[in-house]
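Have a look at the structure below before the remarks.
Bear in mind that the values in this text are calculations on the coordinates, not laboratory data. Model, not experiment: these values are computed from the prediction. For neighbour counting, all protein chains shown are included, and Cβ atoms are generated from backbone atoms with ideal geometry for every residue, glycine included.
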Amino acid sequence: MNTVLIAFVLLLILKLVAGIVLDCLNLRHVKAHADEVPEPFKDFIDLPEYQKSVDYTEAKTRFGIINDIYDAIILAVVLLSGLLAGIYSLFSEWFGYGLWGQALVLFLTGIVLSLPGLPFDWWHTFKLEERFGFNKSTKQLWFVDKIKGLLVGFVIGYPLLALLIFLVGAAGPLWWLWGFLVFFAFQLVMVVAYPMFIMPLFNKMEPMEEGDLKTRLFALADRTGFKAQTILVMDGSKRSGHSNAFFAGFGRFRRIVLFDTLIEQMNPEQLEAVLAHEIGHYKLGHIPKMIVLSALSSLAMFAVLGWLEGAAWFTDAFYFDPSTHDQLVPVLLLFMMLSGLVTFWLSPLSSRWSRKHEYEADAFAREAMGSCEPLSQALRKLHKENLSNLTPHPLYSNFHYSHPTLVEREEALRES
Ligand SMILES: [Zn+2]
């Protein structure tokens with residue numbers, strides 16, 4: 001076995017073991033607190049409800065561990081057996097080594113590689129989420145979603161891939177810099193286009209109904225300097241009982257989306273606080289900051305691609321035919337499959353950064369509401385209704401959580 005494959009196997013095992021160790025630590029921590037409701041939560045949750053959230057965390061963790069092991073085995077088999085290289089040369093024989101042919105090969109190989117994950121997706125929706133009363137999707141809707149996702153991916157992804165392959169041929173050794181520019185421009189367009197054109201393909205996004213709630217929320221938006229026409233309600237209840245709210249887009253294209261499930265669960269004051277939090281993300285420039293970070297990581301990604309594209313040892317190691325005309329598509333395929341082994345270790349950094357933004361948006365909401373109580377109540381409600389894990393292991397939440405835990409957020413809210 002050559003050095004590249006040994007490094008791959010080591011990275012794969014390291015990531016799998018680290019993930020499982022974190023999961024087990026977290027689960028043990030949760031179960032150690034399961035017999036009675038911990039002090040900070042006694043005010044708003046009773047024992048049966050609390051234990052339901054413990055059961056949910058346990059079920060999700062077990063499912064996640066099995067899924068991770070399965071994914072690691074699939075990845076190992078596909079790469080170590082030469083199956084990926086085999087699929088690539090088969091498709092290339094069918095569709096050719098031209099620009100559009102190779103883009104199609106890349107797209108189709110991506111689809112083939114996503115197939116083994118489907119049973120887990122199905123199980124997650126119709127067994128796990130169903131058992132805890134969250135699933136509202138039907139088997140038909142699940143199926144239609146997959147087909148739609150595939151079509152949207154094709155319409156957007158196929159020309160983009162072809163453009164990337166074209167650049168390698170046309171732009172010379174610095175193609176990766178051009179590739180980055182194209183990709184970054186695409187990302188910018190998607191920040192706006194995704195909520196405007198793609199999300200509505202899957203969900204209804206409608207302006208709020210007239211009434212007290214709308215008047216109240218719009219008044220808050222005015223007060224905090226947010227153009228209120230873009231507060232939308234999304235029929236999240238079509239698929240799931242989970243509730244959420246988010247901010248998307250930038251500039252004139254900004255919008256705040258509230259799930260219908262959230263509106264059902266919360267009273268107007270709590271909704272106002274959630275809205276204030278989302279407006280906080282906007283006012284504090286969190287989206288442009290995220291865009292800059294993602295540009296930097298894309299640049300790094302393309303620099304690595306540019307380097308690997310000329311490195312025959314890399315594709316050779318995974319059994320790609322060295323006489324293949326073009327190295328780019330094999331490199332992209334390998335990159336797609338392997339990058340997770342490295343980016344996994346960066347997730348504490350990005351989570352930490354995201355949590356910093358959440359604290360800032362919480363503080364903004366507290367100022368806008370004139371008190372920490374409304375947001376605090378809203379967060380309690382959100383955690384309770386979503387059966388969120390109230391007692392994650394600190395290592396686990398530090399590593400994985402994009403939002404601080406409820407206790408952390410409430411503590412920060414109460415600090416002046
Ligand atoms: Zn937030």
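Within segment 279-296, residues that are free of Cβ contacts under 8 Å to residues at least 60 places away in the same chain have Cβ atoms under 7 Å from residues that are not hydroxyl-bearing (S, T, Y) in these pairs: Y282/F226; Y282/F247; Y282/R254; P288/F250, counting only partners at least 6 apart in sequence or on another chain.
For segment 340-379, residues that are more than 21 Å from R414 (Cα to Cα) and either within 11 Å of the ligand (Cβ to nearest atom) or among the β-branched types (V, I, T) (or both) total 2. One residue stands out in segment 247-303 among those that are more than 14 Å from the ligand (Cβ to nearest atom) and touching a Lys or Arg at 6+ places or on another chain (Cβ under 7 Å): the one that is farthest from W175 (Cα to Cα), namely P268.
Looking across segment 127-144, the residues that are of a type outside the set (S, T, Y) and without any contact (Cβ under 8 Å) to a residue 60 or more places away in the chain come down to K127, E130, K139, Q140, W142, F143, V144.
One line per residue, one yes/no per condition, for (1) within 17 Å of the chain's Cα centre (by Cα); (2) under 23 Å from N26 (Cβ atoms); (3) touching a residue at least 60 places away in the same chain (Cβ under 8 Å):
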site: S339; (1), (2), (3): yes, no, no
site: S351; (1), (2), (3): yes, yes, no
site: R355; (1), (2), (3): yes, yes, no
site: A363; (1), (2), (3): no, no, yes
site: E367; (1), (2), (3): no, no, no
site: C372; (1), (2), (3): no, no, no
site: Q377; (1), (2), (3): no, no, yes
site: L382; (1), (2), (3): no, yes, yes
site: N389; (1), (2), (3): no, yes, yes
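Filtering segment 387-405 to residues that are within 16 Å of the ligand (Cβ to nearest atom) and polar (S, T, N, Q) leaves S388, S397, S402, T405. Listed by first and then second residue, the pairs with beta-carbon distance under 6 Å, at least 6 apart or on different chains, first residue in segment 60-72 and without any contact (Cβ under 8 Å) to a residue 40 or more places away in the chain, second surrounded by 16 or more Cβ atoms within 10 Å (Cβ to Cβ) and assigned to a helix (DSSP H, G or I), are T61/D23; T61/L27. When A103, A32, A85 are screened for being within 29 Å of A18 (Cβ to Cβ) and surrounded by 15 or more Cβ atoms within 10 Å (Cβ to Cβ), only A85 passes.
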